[in-house]
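Data first, discussion second: the structure below is written as structure tokens.
The values are calculated or read from the model by the stated rules, or taken from the named source; none is laboratory data. Fair warning: this is a prediction, and the values are worked out from it, not measured in the lab. Quick reminder, even Gly has a Cβ in these numbers, built from the backbone with ideal geometry, and neighbours come from all protein chains shown.
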């Protein structure tokens, strides 16, 4: 579906052809659901929030600025819906690095299980560090390294400048390295003193 086709669809929906909205849902459902799932890490909740996003999008379709990207607009609504969920539940989102094994790794793990344990511990430590970051940094890390967005895409998604994205990512990485070194040093002290 081209951008001009989307604009025609939006115009038709606003004129009362509500069945055309299904085409928009079909096009964006996977993208919206995937984005929300990465934030909430729960399939059922992601489905509910995606549905809520499409309802909000439909209700506020008349507010969409046709000079801007519809994709960016709907993903902002998805983001805000997920943030509202966290505010209402007073939860903090958790992100997890998944350990993916291929057959080469499996062979080396079978030969040296200590490497697998060490790798798992490192992943757990990094997960803990990411989840303890302030929300503005955690969200950037997720968008950059989990969703693999570039600086411009992140800036559009968060409605901030590209320079601010770069600066916050720099700060986030700096905080992560500092925390990693601190936790590793505590871990080493624990091993030395038998804790």
Review point. Is it the case that residue 55 is surrounded by 15 or more Cβ atoms within 10 Å (Cβ to Cβ) and in a helix (DSSP H, G or I)?
Key: no
Review point. Out of curiosity, is residue 97 surrounded by 12 or more Cβ atoms within 10 Å (Cβ to Cβ), modelled with pLDDT of 75 or more and under 24 Å from residue 39 (Cα atoms)?
Key: no
Practice item. Taking the options 132, 124, name whichever one is under 22 Å from residue 178 (Cα atoms) and modelled with pLDDT under 80. Key: 124
Point to revise | Residue among 43, 52 that is at pLDDT 90 or above and either closer than 24 Å to residue 143 by Cβ or not assigned by TED's automatic domain parsing to the domain that holds residue 149 (or both) | key: 52
**Study point:** residue 67 part of a loop (DSSP other than H, G, I, E, B), within 15 Å of the chain's Cα centre (by Cα) and either at pLDDT below 60 or not assigned by TED's automatic domain parsing to the domain that holds residue 155 (or both)
**Key:** no
